[in-house]
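The values are calculated or read from the model by the stated rules, or taken from the named source; none is laboratory data. If you're wondering where the values come from, they're calculated on a predicted model, not measured in any experiment. So basically every Cβ, Gly included, is an ideal-geometry build from the backbone, and we count neighbours across all protein chains shown.
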Amino acid sequence: MAFIENVLEVPSYGWKTQDGQLSKPTVTQLFSEYLRRINIFASRKNWLPFFSWFCTLSLLPFAILFIFMEIRDFNVWYLLLGFIYGMIFMGSHGTIWYHRYGTHQAYRFSNNFWRFFTANLVIKLVPEELYIVSHHVHHSLSDEPGDPYNAEAGFLYCFLADANHQPIAKNLTEEEYAKAAAMLSHTGVKANSYQQYLKWGSIASPVRTMVATFANWAFWLTVFYAIGGLYLTAALLAGAFVWGLGVRTFNYEGHGKGENKQVVGHDYNTKDKSINQLWPGIVAGEWHNNHHLYPASARSGFLPWQIDFAWYYIRTLKFIGGVSSCRDAKQQFLEDYRKPYLEEMKQMKNVQPKPVVVPAKA
């Protein structure tokens, strides 16, 4: 079995059926697997998915508080700020840090300061390990059995994937573990030794991960409160909470909910079910079909109307010296896909239909 097919922990219902088809678990099976995977009392090796959900759900009280504040004293500006922070800031940061840098290394930082700055640009909810390793698998097995968030298996299959499908396997050999750890080496995450991995079941150290996350939280909560008090803090954290839940649905939506919803002239990658969606594209630069076409590109918004805030951030850092190099596949996309398509449409338009000759009646 290839390393990429072996690096993630196989769920109890398996990746595929005996005849090689995608295993589609029931709702009961999915929740049973979820509860087993986050049970830190059953095994300390479950700490990472537990911590991921703990971080997200810790924001729920702030979301509830914000709702009560808005009901009592409605303020459209705080509502707008929460929306912008959750959708654009958190969304674009996910694209910038976890997606284009963490997984695909589409650009390089000039030094560790800018890497640290970018990693902590927003409040931290997602452990790098859960995202990056599994996303490599996703691209290798996109929409196939073994894809950790295969949309064909349904909404919950994707929504619970960070617990059910994204943690690394607990029985990797030392050589396999070294390969998995290398996927995170550029992010600044210090990897456990192989002996520590066997103890904790993860690449990342639980102590270092929690300390770094809580330090990030302490900084941002202090900043939010200093700027706008409890109301602003609740608004921004409510936005982050919505993003923390919504991002778990992205690949389900981004792969057509398991159906082929690609549009000719809009989605050029036909090797999987990825689609370019207007909303994730505008708020986070996630033009997903473009990304699957050129995953190593630091830009995914190739056409004039495809806004890409993640790319704007990367280009700004490049301009001021924070990024030393980045890959941009826009020109290649235009030459290989867009121009041939437009030329084909032009030729079809210029083809004159032959007149239909109706024979005269005798």
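Points worth noting:
- Residues in the range 104-113 that are among the aromatic types (Phe, Trp, Tyr) and crowded, with 17+ Cβ neighbours inside 10 Å: 107, 109.
- Selection status of residue 275, free of Cβ contacts under 8 Å to residues at least 40 places away in the same chain and either within 28 Å of residue 9 (Cβ to Cβ) or surrounded by 16 or more Cβ atoms within 10 Å (Cβ to Cβ) (or both): yes
- Residue count for the range 1-38 satisfying the condition of being in contact with a His (Cβ under 8 Å, 6 or more places away or on another chain) and more than 22 Å from residue 130 (Cα to Cα): 0.
Table: residues versus (1) farther than 19 Å from residue 51 by Cα; (2) free of Cβ contacts under 8 Å to residues at least 40 places away in the same chain; (3) aliphatic (A, V, I, L, M); (4) in contact with a Phe, Trp or Tyr (Cβ under 7 Å, 6 or more places away or on another chain).
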{"residue": "183", "(1), (2), (3), (4)": "yes, no, yes, no"}
{"residue": "186", "(1), (2), (3), (4)": "yes, no, no, no"}
{"residue": "189", "(1), (2), (3), (4)": "no, no, yes, no"}
{"residue": "195", "(1), (2), (3), (4)": "yes, yes, no, no"}
{"residue": "223", "(1), (2), (3), (4)": "yes, yes, yes, no"}
{"residue": "234", "(1), (2), (3), (4)": "yes, no, yes, yes"}
{"residue": "243", "(1), (2), (3), (4)": "no, no, no, no"}
{"residue": "252", "(1), (2), (3), (4)": "yes, no, no, yes"}
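- Filtered residues of the range 1-12 (kept if assigned to a helix (DSSP H, G or I) and of a type outside the set (Val, Ile, Thr)): 3, 5, 6
- Residues in the range 100-144 that are closer than 16 Å to residue 158 by Cβ and not charged (D, E, K, R): 126, 130, 131, 134, 135, 137, 138, 139, 141, 142.
- Residue within the range 93-113 that is over 15 Å from the mean Cα position of the chain (by Cα) and under 23 Å from residue 207 (Cβ atoms) present: yes
- Taken residue by residue, the range 208-221 has no member that is among the hydroxyl-bearing types (Ser, Thr, Tyr) and over 22 Å from the mean Cα position of the chain (by Cα).
- For the residues 74, 66, 3, the requirement of being at pLDDT below 95 and farther than 30 Å from residue 206 by Cα singles out 74.
- Applying the criterion of being assigned to a helix (DSSP H, G or I), over 20 Å from the mean Cα position of the chain (by Cα) and polar (S, T, N, Q) to the residues of the range 222-261, the residue that is surrounded by the most Cβ atoms within 10 Å (Cβ to Cβ) is 233.
- Among the residues of the range 30-50, the ones that are among the aromatic types (Phe, Trp, Tyr), surrounded by 20 or more Cβ atoms within 10 Å (Cβ to Cβ) and under 16 Å from residue 202 (Cβ atoms) come to 1 in all.
- Residue, surrounded by the most Cβ atoms within 10 Å (Cβ to Cβ), within the range 303-327, restricted to residues that are within 19 Å of the chain's Cα centre (by Cα) and without any contact (Cβ under 8 Å) to a residue 40 or more places away in the chain: 311
- Flag if residue 130 is under 16 Å from the mean Cα position of the chain (by Cα), under 30 Å from residue 24 (Cα atoms), touching a residue at least 24 places away in the same chain (Cβ under 8 Å) and buried (at least 20 other Cβ atoms within 10 Å of the Cβ): yes
- Candidate set: the range 1-26, residues that are surrounded by 12 or more Cβ atoms within 10 Å (Cβ to Cβ) and among the charged types (D, E, K, R); chosen: the one nearest to residue 144 (Cα to Cα): 16
- Filtered residue count, the range 13-56, keeping only those that are in a loop (DSSP other than H, G, I, E, B) and in contact with a strand residue (DSSP E or B) (Cβ under 9 Å, 6 or more places away or on another chain): 2
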